[in-house]
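Below: the structure, in structure tokens.
The values are calculated or read from the model by the stated rules, or taken from the named source; none is laboratory data. Worth saying up front: this structure is predicted, and the values here are computed from it rather than measured. All Cβ positions, even for glycine, are placed from backbone atoms using ideal geometry, and neighbour counts span all protein chains on display. The area values use the complete protein model at the heavy-atom level, side chains included, leaving out ligands, DNA and RNA. Shrake-Rupley method; radii C 1.70, N 1.55, O 1.52, S 1.80 Å.
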Amino acid sequence: MQGFQPSGGFLHRRYAPGVDLFLLPDRSFRTVSVRVHFLQPLAEDAAAGLALSGAVLRQGTARLPSRLALQRALDELCGAELDLETSRVGEVHLLEVDLALPSERATGEAGLLKKAVSLLAETLAEPRQEVRGFPAGLLRQERRNLKDAIAATRDHRPSWASLSCLRAICAREPYRIGRLGSPQALDRLKAGNLLSFWRRSASRLPILAYAVGDFDPARMADLLAGALLPLRSGRPAPLPRTGFRKAGPKHSIRRVARA
């Protein structure tokens, strides 16, 4: 197909440096799933910033200034779903933006895909804000929620044991850092600083966008270009490196065995 290259079963198109699209159109589906990844190296402050940005962004936009208003707009799109969450892959930290909706062919509603992708773009580009940045009350609420999620790990003994082991083994490596950062890093984030962090991240971080389901690939490519490219400015950051940086000490296994 013109403008696309095959890549692992997907159709690949590079919109611009640092912005890549992967499509898998399949008419056997009655749904459409879109996932947009923003990638950064795993680091404590950056992880906290991206996690808190995602938590605030999913609470509404300038036009839809609450989670309830945003959810109602999604319900009007045949029950579409939109969420933002962070994850880790090795020493890469990701903000995942997920959009899911029934296909236009299944619903018979023309323009449904365009409206849904436009709402995704609005969520990323037009967040709720006050004069100094994100709404201060909303920021405090979402920071508290993330800190509670971090603290909850202590209440689940297997998870806490696994995390403690990981921190000990990878004490000098970024891999020790959780996907939400740390409570201390979250406390350092203020409303204006966080909004600036998000805008800088959206403008420069590598973006990998995926879409799977019942859609026309050329149309999907145009819609996602309209959603993602306006976010970009400045020189794009390189893709984060993966893998281990150095081998562990040779005597570590012997010490564990004696213990």
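Couple of notes before you dig in:
- Filtering segment 67-90 to residues that are of a type in the set (Val, Ile, Thr) and in contact with a Leu (Cβ under 8 Å, 6 or more places away or on another chain) leaves only 86.
- Test: residue in segment 102-111 that is within 30 Å of residue 170 (Cα to Cα) and open to solvent by 20 Å² or more (accessible area, probe 1.4 Å): no
- The set of residues in segment 153-212 that are open to solvent by 20 Å² or more (accessible area, probe 1.4 Å), assigned to a helix (DSSP H, G or I) and either on the phi > 0 side of the Ramachandran plot or among the hydroxyl-bearing types (Ser, Thr, Tyr) (or both) comprises 153, 159, 162, 164, 175, 196.
- Selection from segment 67-78 of residues that are open to solvent by less than 40 Å² (accessible area, probe 1.4 Å) and either touching a residue at least 12 places away in the same chain (Cβ under 8 Å) or in a strand (DSSP E or B) (or both): 70, 73, 74, 77
- When residue 40 is tested against (1) open to solvent by 20 Å² or more (accessible area, probe 1.4 Å); (2) assigned to a strand (DSSP E or B); (3) of a type outside the set (A, V, I, L, M, F, W, C), exactly one condition is not met: (1).
- Which numbered condition residue 29 fails, given (1) under 19 Å from residue 103 (Cα atoms); (2) surrounded by 21 or more Cβ atoms within 10 Å (Cβ to Cβ); (3) among the hydrophobic types (A, V, I, L, M, F, W, C): (2)
- No other residue among 63, 88 is outside any loop (DSSP other than H, G, I, E, B), surrounded by fewer than 20 Cβ atoms within 10 Å (Cβ to Cβ) and not small (Gly, Ala, Ser) apart from 88.
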